[in-house]
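This report refers to the structure that appears directly beneath it.
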Amino acid sequence: MTMFPSACIWSYKIPLAEALNEVKQAAFHYVDIETESLDAPGVLDALTTLGLKVSCVALDHRLPRGCSLEGDNSAAQRAALDCLKQGLERCQAVGAKVAYVSPCKSRKNLKGYGSGVRELAEAAASRGIKLCVEHFPGKALETAKETLAFVEGNGHPNLYLLLDTGHALLSSEKSWEIIPAAGKKLGYVQVNDNDGRCDRHWALLDGRMTESELEKILRALKEAGYEGTLGLELKDDRASIICGLSKNRNLLLRLQQTSEPKSLKEPEARRKQ
């Protein structure tokens with residue numbers, strides 16, 4: 001089954017309803033979005049009118065003041081959990097099947113953070129949504145390997161790893177080796193490139209990633225039975241975002257077609273989800 005690209009739209013500077021039009025014109029079927037963006041003017045109507053599906057929602061990108069999942073302040077964490085549970089309701093309303101959060105900043109807060117994440121994972125499960133934790137260089141869970149260990153050790157069946165290929169480059173990890181190690185605990189995949197020094201969110205093959213490495217990633221995902229979309233999380237100041245998204249959409253589909261020739265028409269079953 002073809003893994004369709006999904007356009008992450010949180011880097012757009014124009015009104016999001018206009019961004020969705022651009023994404024649709026670039027032949028995308030799916031988008032990744034922030035919770036807050038679901039309340040932006042015209043967004044819900046645009047999603048419906050354009051027939052775009054929401055693949056994944058970034059739950060905690062824009063938490064209100066006084067809210068924190070960090071785990072070092074019970075009041076701030078309770079406020080965050082209440083806010084994020086409301087976000088999960090909006091995810092469910094637009095049909096999103098995956099949502100994710102970033103790790104806490106300090107390793108000493110991992111226990112408290114983990115407790116909050118378990119509660120959130122339970123709330124997500126009741127809405128049919130997978131909850132993922134993203135590995136994030138510079139935070140408490142810097143590598144995909146330790147984030148996977150955190151997910152597996154947390155003990156909740158609805159907690160998964162979000163693999164970010166750009167973050168893996170920064171932590172000198174091979175995404176195609178992480179995928180089989182994660183197995184069924186791989187909940188979502190975001191793809192982007194960088195220079196190995198900063199999280200630049202360049203288009204694929206514009207930085208350190210080679211086409212051969214990207215092929216290995218796609219092959220590993222196929223072999224693992226990954227059934228999600230591929231979130232293209234780009235932020236490239238050297239060109240318009242839509243140019244990078246369009247170029248990488250075609251690249252991802254071409255490489256899949258080369259390795260396993262089949263129609264790239266969106267499956268009817270997925271369209272009805």
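Read-outs throughout are calculated quantities, based only on the coordinates presented, and are distinct from any laboratory measurement. These figures come from a predicted structure and were not determined experimentally. Positions of Cβ are backbone-derived with ideal geometry, glycine not excepted, and every protein chain shown enters the neighbour counts.
Binning all Cα-Cα separations of the chain at 5 Å, short to long from zero, yields these whole-percent fractions: 1, 6, 13, 18, 20, 18, 14, 8, 2, 0, 0.
Give me the percent of Cα-Cα pairs in the stretch 118-242 that sit more than 22 Å apart, rounded to a whole number. Cα-Cα pairs of the stretch 118-242 separated by over 22 Å account for 34 percent.
On a C-alpha basis, how far is the centre of the stretch 40-88 from the centre of the stretch 164-212 in Å? Whole number, if you could? The distance from the Cα centre of the stretch 40-88 to that of the stretch 164-212 comes to 25 Å.
Remark on Asp206: its backbone amide H falls under 5 Å from none of the residues 5 or more positions apart or on other chains, H modelled at 1.01 Å from N. This ranking places Ile242, Ile179, Ile33 by how few other beta-carbon atoms lie within 10 Å of each, fewest first, which gives Ile242, Ile179, Ile33. Which percentage, to the nearest 5, of the DSSP beta bridges contained in the chain is antiparallel? Percent antiparallel among DSSP bridges in the chain is about 5.
Can you give the calculated 222 nm mean residue ellipticity of the chain, where each DSSP H run of n ≥ 4 adds -39,500 (n - 2.57) and the sum is split over every residue, rounded to the nearest 500 deg cm²/dmol?
-13000 deg cm²/dmol
When the P(r) of the stretch 1-146 is calculated, the portion above 25 Å amounts to 31% of the C-alpha pairs. Just checking the listed ones, Arg208, Arg78, Arg197: in the Gaussian network model of the chain with Cα springs under 10 Å, the one fluctuating most is Arg197.
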